[in-house]
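What follows is one structure encoded as structure tokens, with my remarks underneath.
The values are calculated or read from the model by the stated rules, or taken from the named source; none is laboratory data. On a predicted model such as this, the values are computed, not experimentally measured, just so you know. With ideal geometry, Cβ positions are generated from the backbone for all residues, glycine too; neighbour counts draw on all protein chains shown. When the accessible area is computed, the model is the full protein with side chains, heavy atoms only, and any ligands, DNA or RNA have been set aside. Shrake-Rupley method; radii C 1.70, N 1.55, O 1.52, S 1.80 Å.
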Amino acid sequence: MAEISFRQALNDTLREELKRDDNVFLMGEEIGVFEGSYKITAGLLKEFGARRVVDTPIAENGFIGMAVGSAMLGLRPVVEIMTFNFIALAMDEILNHAAKIHYMFGGQTPVPLVIRTPGGGGQQLSATHSQNLEVWFAHIPGLHVVAPSNPADAKGMLKTAIRNNNPVIFIEHLGLYNTRGSVPDGDYLVPFGKAKIAKEGTDLTIISYSRMAAMALDVARRLEQENKWSVEVVDLRSLRPLDKETIVNSVKKTGRAIVFEEDWRSYGIGAEIAATVQEEAFDYLDAPVKRVANVEVPLPYSKPLESAALTGAKQLLDAINELAPRRRR
Amino acid sequence: MSTEQQKRPDGRDATTTDKPRVVTLPEDENRETLVNYYHQMLLVRRFEEKSDEMYKMARIGGYCHLNLGEEATVVGFCAGLEPKDYLYTNYREHGYALGRGIAPNAVMAELFGKETGCSFGRGGSMHMFSLEHRLLGGYGIVGGQVPLAVGAAFAVAYRGTDEVVAVQMGDGATNGGPFYESLNLARIYKLPVIFFVVNNQYGMGLPVEKGSAVSELYRKGCAFDVRGERVDGNDVLAVRDAVRRAAKVAREEHEPYIVEAVSFRHRGHSVIDPDRYRDEELVRQGRSLDPVPAFARHLLEAHIIDDQGLRAIDEQVEQVVSEAVRFAEESPFPAVETLFDHIYASDEHLQESK
Ligand SMILES: Cc1ncc(C[n+]2csc(CCOP(=O)(O)OP(=O)(O)O)c2C)c(N)n1
């Protein structure tokens, strides 16, 4: 176990996987000479050379399509999309090709592709550079979509992603890169489709993923220290496949649920989870499921407007205060 | 496309830009105009230096890309267009906003995220806009602005008016699909659009020749029969003249045209990029071609201005830039209640037409 940053965990994992399997290669804008826009691939070009670490021009549709094609011949591309926003240019290759090829050709050719990309707002990058688009992908059968919240899961899920035989959208977060945590040594794999109870509790359940899960955990711990509510935190980790069982069991136990997400509220992850909970745990609910999400506006540049549009710990606390059972204090 | 287009029509070879060329100012240029170009170039220079400073003082946030080193390209380009022409740019556009005549106050206020900014604080550094000045926006998604410009040119052709639409982009943007689709569309529909490629030789850390199969980017029009030429982006008059030729073709023949200005980015990709990946010698060499002092020298040598005149411009520019900062500083932020304004355009006209 070593205590390292999220960034370091990703960097180490990429290095280990590049060493382990010659079919694994990296591709993306500025990942080599520039060492990654967010330095996730620092040092890898030097260590593995330009055959394994491929700098691309700004041609997202082209190089994602290339990655899909190379995967059809058995390579295992790990592509970086500089930020989540730019994936829009490659949607056709992902939606109509990566996600369809295995099924449409009767299972004859898998597409073992990983697309890593960070989402996240809050840095005044404004409307086109601050989006969280996980829902687009979580909607598509044929894709796996994962969004770890801590360095250990980042490592374990990136390994699983690279060894998985399907296209995986691996969602990172600008606000998580510098966060630290202990990471198991060696060949540590976290399976997809298994949520994690990040903290046990009895009063209510917060269901979240990525940076919001980390934030929810902080809030829950603080409330416990302050002896207020006992909050259970379910860190989904994997959005598709979704671990319904863990969600439902937790809600059956606490009777109350908040979904905490950083994308827009309408048609979001929260909508899917709220539907699941009412389908499978209706009789156990003591209150309607709450959704805490970003305000539905293209993110503005100006700081005061941006702050008003983003969700965060304060919004979560407000929701907890509204939802938590009255019997306590 | 003939290889002759590699030469400028005046016979000077514009394809090698690594040596300072002997530039003599043409006799027939209006002296005031020349001084004005210098004034504008200096304004861009000082404005950008100030933006850098304000970013470091946390007055400006997000991504912030500067035109430092590209002053002759920016000013020459804007001078080659007419006020009625439309312009789309990428996110490295503070200079173009100034060049279009947007008040420095409104540009700085946008950088500060204030209500008085030219995008009302909603857009920031990468997203300047002014309908009045026919700047139809700076865009942060690489290449995204190019098809938009073709569409604007379509609207112009559709209405049968004689504006030209110019779209500025970096060298990196010419490697993406939208650029090629745009060239094709502009050519088949015969649209009055100028593709203005600022080849500052790097897209972030990627040198042009690593990202592009041909490094003379104007030649990318060849497959679409779109004419083009390359100019020295450090030569404000050469850039202006090339843009004028392009505008003439676009306006009179309704043909698209590519102008590639070879320029140099003096600093990192954005203000937070320490620029470690570029060879020091190369950067020194690139900066030594600095178009701003070079143009001042030409003006002095041609006795168009004297030292005192240069100092006066310097002082005036300093004043305008400090005033812009003061204005931005004192302007209000947008009120939080306005957060939901503008998500949808108003449909009031539907009510009226009932
Ligand atoms: C579609 C898309 N992909 C990637 C990026 C990230 N990015 C921003 S600027 C840039 C480099 C662009 O270089 P170039 O077009 O040469 O313009 P310059 O910055 O030199 O003006 C990249 C890769 C982006 N904004 N949009």
| remark: With -39,500 (n - 2.57) per DSSP H segment of 4 or more residues and division by the full residue count of chain A, the 222 nm estimate, nearest 500 deg cm²/dmol, is -10000 deg cm²/dmol
| query | Could you give P(r) for region A:196-323, binned at 5 Å from zero, as whole percent values over all Cα-Cα pairs? | reply | 2, 12, 22, 24, 20, 11, 6, 2, 0
| remark: In short, region A:41-89 residues buried by 50 Å² or more of accessible area relative to the isolated chain (1.4 Å probe) are A:P57, A:I58, A:L89
| remark: Buried by partner chains in region B:26-75 (accessible area down by at least 10 Å² vs chain alone, 1.4 Å probe, heavy atoms, protein only) are B:G61, B:G62, B:Y63
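Per residue, how much accessible surface does region A:196-323 expose to a 1.4 Å probe? Answer in Å², no decimals.
Details: 5200 Å² over 128 residues.
Solvent-accessible surface per residue comes out at 41 Å².
How large is the charge dipole for the protein assembly as shown, taken about the Cα centre, if only the Cβ atoms of Lys, Arg (+1) and Asp, Glu (-1) carry charge, to the nearest 20 debye?
Numbers: 77 positive and 96 negative charges, 356 e Å.
With Lys and Arg at +1 and Asp and Glu at -1, about 1720 debye.
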| field | Coarse-grained scattering of chain B at q = 0.11, 0.12 Å⁻¹, given as base-10 log I(q)/I(0) from a Debye sum over alpha-carbon atoms | value | -0.73, -0.87
| query | Based on the Cβ-Cβ distance from B:A335 to A:E296, what FRET efficiency comes out when R0 is 30 Å, to the nearest 0.05? | reply | 0.95
| field | Cβ-based charge dipole, region A:206-262, positive-most Cα from A:Q225, A:V251, A:M212 | value | A:V251
| query | So for region A:196-323: antiparallel DSSP bridges make up what percent, rounded to the nearest 5? | reply | 20
| query | Angle, helix A:151-163 long axis vs. longest principal axis of chain A, Cα atoms, 0 to 90°, nearest 10? | reply | 50
| query | For region A:1-154, what size does the Cα cloud have along each of its three principal axes, sorted from largest down, in whole Å? | reply | 44, 38, 33
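Over the protein assembly as shown, what number does the Rg to Rh ratio reach, with both radii from the alpha-carbon atoms and Rh per Kirkwood?
Working: Rg = 27.3 Å, Rh = 27.1 Å.
With Rh from the inverse mean 1/r over Cα pairs, Rg/Rh is 1.01.
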| said: Let me spell out the model: positive unit charges on the Cβ of Lys and Arg, negative unit charges on the Cβ of Asp and Glu, origin at the Cα centre of chain A. What dipole size does that give, in debye rounded to 20? | reply: 640
| Quarter of Cα convex hull surface for chain A, i.e. mean projection, nm² | 16.7
| field | Label zone at A:Y103, where the point sits 7 Å out along the Cα-to-Cβ direction: region A:135-150 residues whose backbone N lies under 18 Å | value | A:135-146
| Hey, how many Å between the Cα centroid of region A:85-147 and the Cα centroid of region A:234-250? | 20
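Per the 1.4 Å probe, what fraction of the accessible area of chain B, in percent, lies on carbon and sulfur atoms? Don't skip to the answer; put the middle values down first.
Values: 8070 of 15630 Å².
Result for chain B: 52 percent of the exposed heavy-atom area is carbon or sulfur.
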| remark: Buried accessible area between B and A, both sides, 1.4 Å probe, in Å² rounded to 100, is 2600
| message | A 22 angstrom limit on the alpha carbon distance is what I want to check against. Which of A:K19/A:K194; A:K194/A:K314; B:K84/B:K220; B:K84/B:K190; A:K196/A:K290 exceed it? | response | A:K19/A:K194; A:K194/A:K314; B:K84/B:K220
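Looking at region A:191-237, which trypsin sites (Lys or Arg not before Pro) are DSSP coil and have at most 14 other C-beta atoms within 10 Å of their C-beta?
Values: sites: A:K194, A:K196, A:K199, A:R211, A:R221, A:R222, A:K228, A:R237; in loops: A:K194, A:K228, A:R237.
Of the trypsin sites (Lys or Arg not before Pro), the ones in loops of region A:191-237 whose Cβ has at most 14 other Cβ atoms within 10 Å are A:K194.
For region B:21-130, what Kirkwood radius comes out of the mean inverse Cα-Cα distance, in Å?
Values: mean 1/r = 0.0686 Å⁻¹.
Computed over region B:21-130, the radius equals 14.6 Å.
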| Probe 1.4 Å, accessible area per residue of chain B, Å² | 44
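How large is the convex hull of the Cα atoms of region A:93-240 per residue, expressed in Å³ as a whole number?
Values: hull volume 18.9 nm³, N = 148.
Taking only Cα atoms, region A:93-240 has a hull volume of 128 Å³ per residue.
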| field | Rounded accessible area per residue of region A:75-136, 1.4 Å, Å² | value | 33
| message | I'd like the antiparallel share, as a percent to the nearest 5, of DSSP beta bridges with both residues in region A:2-183. | response | 15
| remark: Ordered by number, the residues of region A:15-33 that have at least 30 Å² less accessible area in the complete protein assembly than on their own chain alone (1.4 Å probe) are A:E30, A:V33
| note | With -39,500 (n - 2.57) per DSSP H segment of 4 or more residues and division by the full residue count of chain B, the 222 nm estimate, nearest 500 deg cm²/dmol, is -12500 deg cm²/dmol
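Kindly work out what percent of the DSSP beta bridges joining two residues of the protein assembly as shown are antiparallel, to the nearest 5.
Numbers: 13 of 70 bridges.
Taking every DSSP beta bridge within the protein assembly as shown, about 20 percent pair in antiparallel fashion.
Any idea what the dipole of region A:196-323 comes to, in debye rounded to 20, about its Cα centre with Lys/Arg Cβ at +1 and Asp/Glu Cβ at -1? Walk me through the numbers on the way to the answer.
Values: 17 positive and 21 negative charges, 56 e Å.
Charge dipole of region A:196-323: 280 debye, to the nearest 20.
I need the GluC sites (Glu not before Pro) found in region A:195-234, filtered to DSSP loop residues with at most 16 other beta carbons within 10 Å of theirs. If you can, show how the numbers build up before the last one.
Values: sites: A:E200, A:E224, A:E226, A:E232; in loops: A:E200, A:E226.
Sites meeting the loop and neighbour criteria: A:E200, A:E226.
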